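**Q** What follows is a structure written as structure tokens; I'll ask about it next.
The values are calculated or read from the model by the stated rules, or taken from the named source; none is laboratory data. No experiment lies behind these values; they were computed from the predicted model shown. Using ideal geometry, Cβ is built from the backbone for each residue, glycine included, and neighbour counts are taken over all protein chains shown. Note: areas computed on protein heavy atoms with side chains; ligands, DNA, RNA excluded. Shrake-Rupley method; radii C 1.70, N 1.55, O 1.52, S 1.80 Å.
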Amino acid sequence: MRKLLCALGAVLILGACSEGKQAQFNAIDITGADYAKGFALTDHNGQPRTLADFKGKVVAMFFGYTQCPDVCPTTMTEMVAVKQALSTGGGNAGDKLQVLFVTVDPERDTPAIMKNYMAAFDPAFLALYASSPEQLAALAKDYKVYYKKVEGKAPGSYTMDHSAGLYLYDTQGRLRLYARYGSSVESLTADIRQLLK
């Protein structure tokens, strides 16, 4: 009887451990963070957007600008590859990924320019902009995003220094992961597959 009780106790302990096991992600798990919980922006088609608009999809949100020479186009190209990888082998998992590109350069990034920029990668990707410099500053503060205008050598020319990571939300609109710039397509795809489960 004592052996039976010990065995039963071991099974219950092991069962409790396996039930509490959490998913292992490649990106930084920020589930439960008290920032970056939502936004109210306008997309490149002039439509007001909030995080709730994308319920049922995994949202990948990136801050950048269209004249960025390297980081932004590289990230968007990687997200195209992630979307294609999600759809490999049939199914429509790629359609359950929504990429959002928030401009930190509204001075130059007009809706028309952003629409063309997104179309160069994937027409389903959306570019978003704040209604004012103050709204952008408040959003950046909430998302812990850095951006700064850097004057160029020629009069009137400039670039933008900015953070270069992706925020990933699950299908319920909950902030879950932060992927650093340079994360591989394979690791991002694996993380997004887990968020879609």
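**Q** Could you please let me know if T159 is in contact with a Cys (Cβ under 9 Å, 6 or more places away or on another chain), among the polar types (S, T, N, Q) and under 22 Å from D70 (Cβ atoms)?
**A** yes
**Q** Residue by residue through region 120-142, note down the ones that are in contact (Cβ under 8 Å) with a residue 12 or more places away in the chain and of a type in the set (D, E).
**A** Hits for region 120-142 are D122, D142.
**Q** Considering only region 143-175, state which residues are open to solvent by less than 50 Å² (accessible area, probe 1.4 Å) and within 18 Å of A23 (Cβ to Cβ).
**A** L166, Y167, L168, Y169, D170, T171, G173, L175
**Q** Can you say whether D109 is at pLDDT 95 or above, open to solvent by less than 40 Å² (accessible area, probe 1.4 Å) and among the acidic types (D, E), as far as the supplied structure shows?
**A** Taking the combined requirement at face value, the residue satisfies it.
**Q** If you take just the strands (runs of 3 or more DSSP E) that sit entirely in region 84-197, which of them hold at least 1 residues that are under 21 Å from Q47 (Cβ atoms)?
**A** Those strands (runs of 3 or more DSSP E) span 97-103, 126-129, 166-169.
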